[in-house]
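K.L.:
First the structure, which I've put down as structure tokens, then a few questions once you've had a look.
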Amino acid sequence: MECVTASAPGKCILFGEHAVVYGHPAVAVAIDQRISVKIQPSPNNLWLLDGSSLNMNRNPHIKGLIEKLWPEQFGAPPLSIHIEGNIPRASGLGSSAALSVATAAALRTARGRWVSKTDGTQQQHWLEGFGSTITNSEPYDNSLGFFAQESPAERYHITGKSSVDYDECAILAHGVEAAAQQGRASPMDSSTCSHGGMIIISDVIEQGVDYLYQRTLAMADATRHWHIHKMTPPSNAEDMFLVIGNTGIYAPTGKQVANVADMLLQDPSRMKEIDTIGQIARRGIEALKEGDFDRVGRTMTENQLMLSSIGVSSPELDNLIKAASPSSLGAKLTGAGGGGCMVALTKKPKETSDAIELAGGRTLISRLGSSGLSIDDSQNAPLWTKA
Ligand code: MEV
């Protein structure tokens, strides 16, 4: 039986949520918790999700990715999708980005990719796909209907893991996240869930870290640009843990992001607070580069003060942060806030976890910077291809 399974990690934000939407720097790490997406041919020629009919309107991320990668108008057959994992939903841990990245990777593996035959310079170019570094001789044109225009003699089809590209999965996930957040989304969650490790987003190209790509998104008020980098965690990160405390309060990101946008519309002078979060994130990046985790922790706590000031914390988050503080280097909410999760940076994960649980939170423990997207199974892939 043909089958493809891909998985992607959740994420936790150390610095800069909300301000990153406005182009400021931020840092996120991939966590040990993951979402896995398995796809198989549908047994009854209908789209299925976990054995029931797939309601596209209630699953906008999946719908958006199917439209990009599995176009029915070209004969792509319905699939049966199965999702499992241990990232709580709508809780600031990147569950929708992880789902989107894993779904994009599974669909790409199930389809494969057309590339050109190597040219004189031994370069192989994508003939179809989405990404910030496509080296196709012709600019990629979505309206052409996804497929190579070259004659069969000039192209071939790659399958399995080698057809998957981290950048493509991240860019597609960013697109569907932005649609779900009324057009306002940074590429932080999608990049972290795809590439894994420690991701630094910045308004400038950072020194001393690996540059990945630039992202641009036209939002209602302005076009925003971000430079995305991957940083190898400092060696002393081995002694560090993240203890994540879940308030259990459902907190969809789109609503929180819209609340901040409304606040700024009502009172543009409050952009100063957003700018301050950007400055804090910049100091956090410097502390991380120096491997100074005491300072990283203090900077996280400072970041929390500003997140409270812009109204995205909550009494439940404050309660768990207070409980974690004595045993940790620093603590703050993670993600959009309003509920969802907080995160503490600690060398004493058990003590911090016990304190958060005693205060009523459910905890998860993670290292800093787990591995990114992976293709876990690709039996008899591709499931469908178009010549
Ligand atoms: C959500 O995990 C992080 C926010 O900054 C939104 C975004 O970056 O798109 C609140």
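K.L.:
Taking the criterion of being on the phi < 0 side of the Ramachandran plot, in contact (Cβ under 8 Å) with a residue 24 or more places away in the chain and either within 19 Å of the chain's Cα centre (by Cα) or surrounded by fewer than 19 Cβ atoms within 10 Å (Cβ to Cβ) (or both), would at least one residue in region 49-56 satisfy it? Show your work before the answer.
P.N.:
If we filter region 49-56 for residues that are on the phi < 0 side of the Ramachandran plot, which is where we start, we get 49, 52-56.
Then drop every residue that is not in contact (Cβ under 8 Å) with a residue 24 or more places away in the chain, which leaves 49, 54.
Now drop any that are not either within 19 Å of the chain's Cα centre (by Cα) or surrounded by fewer than 19 Cβ atoms within 10 Å (Cβ to Cβ) (or both), which leaves 49.
Within region 49-56, one or more residues are on the phi < 0 side of the Ramachandran plot, in contact (Cβ under 8 Å) with a residue 24 or more places away in the chain and either within 19 Å of the chain's Cα centre (by Cα) or surrounded by fewer than 19 Cβ atoms within 10 Å (Cβ to Cβ) (or both).
K.L.:
When you check N236 against the structure, is it surrounded by fewer than 18 Cβ atoms within 10 Å (Cβ to Cβ), polar (S, T, N, Q) and within 14 Å of the ligand (Cβ to nearest atom), yes or no? Quick ask: steps written out before the conclusion?
P.N.:
Numbers: surrounded by fewer than 18 Cβ atoms within 10 Å (Cβ to Cβ): yes; polar (S, T, N, Q): yes; within 14 Å of the ligand (Cβ to nearest atom): no.
For N236, the condition - surrounded by fewer than 18 Cβ atoms within 10 Å (Cβ to Cβ), polar (S, T, N, Q) and within 14 Å of the ligand (Cβ to nearest atom) - is not met.
K.L.:
A further question follows. Identify, from the list S313, S308, the residue that is surrounded by fewer than 18 Cβ atoms within 10 Å (Cβ to Cβ) and either among the small types (G, A, S) or on the phi > 0 side of the Ramachandran plot (or both).
P.N.:
S308
K.L.:
Please go through region 14-42 and pick out each residue that is assigned to a loop (DSSP other than H, G, I, E, B) and either open to solvent by 30 Å² or more (accessible area, probe 1.4 Å) or in contact with a Cys (Cβ under 6 Å, 6 or more places away or on another chain) (or both).
P.N.:
If we filter region 14-42 for residues that are assigned to a loop (DSSP other than H, G, I, E, B), which is where we start, we get 16-18, 23-25, 42.
Correct list: H24 only.
K.L.:
(1) within 29 Å of G284 (Cα to Cα); (2) at pLDDT 85 or above: which one isn't true of S132, the others all being true?
P.N.:
Failing condition for S132: (2).
K.L.:
Could you tell me whether E286 is touching a residue at least 24 places away in the same chain (Cβ under 8 Å) and either within 16 Å of the ligand (Cβ to nearest atom) or not aliphatic (A, V, I, L, M) (or both)?
P.N.:
No; evaluated as a whole, the condition is false for this residue.
K.L.:
Next up: For region 33-87, which residues satisfy the criterion of being out of contact with any strand residue (DSSP E or B) (no Cβ under 7 Å at 6 or more places or on another chain) and of a type in the set (D, E)?
P.N.:
Scanning region 33-87 gives E67, E72.
K.L.:
Okay, next question. I need the full set of residues from region 329-368 which are open to solvent by 60 Å² or more (accessible area, probe 1.4 Å) and either closer than 30 Å to P187 by Cβ or in a strand (DSSP E or B) (or both), in order please.
P.N.:
Answer for region 329-368, where residues must be open to solvent by 60 Å² or more (accessible area, probe 1.4 Å) and either closer than 30 Å to P187 by Cβ or in a strand (DSSP E or B) (or both): R362, I365, R367.
K.L.:
Do we have any residue at all in region 249-270 that's crowded, with 16+ Cβ neighbours inside 10 Å and touching a strand residue (DSSP E or B) at 6+ places or on another chain (Cβ under 7 Å)?
P.N.:
no
K.L.:
Out of the residues in region 163-186 meeting the condition of being of a type outside the set (A, V, I, L, M, F, W, C) and within 8 Å of the ligand (Cβ to nearest atom), tell me which one is surrounded by the fewest Cβ atoms within 10 Å (Cβ to Cβ).
P.N.:
Start the filter on region 163-186 by keeping residues that are of a type outside the set (A, V, I, L, M, F, W, C), which leaves 163, 165-168, 174-175, 177, 181-184, 186.
From the residues that got through so far, the ones that are within 8 Å of the ligand (Cβ to nearest atom) too are 177, 181, 184, 186.
Numbers: E177: 27, Q181: 22, R184: 20, S186: 29.
Among residues in region 163-186 that are of a type outside the set (A, V, I, L, M, F, W, C) and within 8 Å of the ligand (Cβ to nearest atom), the one surrounded by the fewest Cβ atoms within 10 Å (Cβ to Cβ) is R184.
K.L.:
Which one of these is modelled with pLDDT of 95 or more and away from the ligand (no atom under 16 Å from the Cβ): Q40, Q73? Working first, answer last.
P.N.:
Values: Q73 fails: modelled with pLDDT of 95 or more.
None of the others qualify; the one that does is Q40.
The values are calculated or read from the model by the stated rules, or taken from the named source; none is laboratory data. Here the structure is a predicted model, which means the values were calculated and not measured. Methodologically, a virtual Cβ is constructed for each residue, glycine included, from the backbone with ideal geometry; neighbour enumeration extends over all protein chains shown. These accessible areas exclude ligands, DNA and RNA; they are computed on the full protein's heavy atoms, side chains included. Shrake-Rupley method; radii C 1.70, N 1.55, O 1.52, S 1.80 Å.
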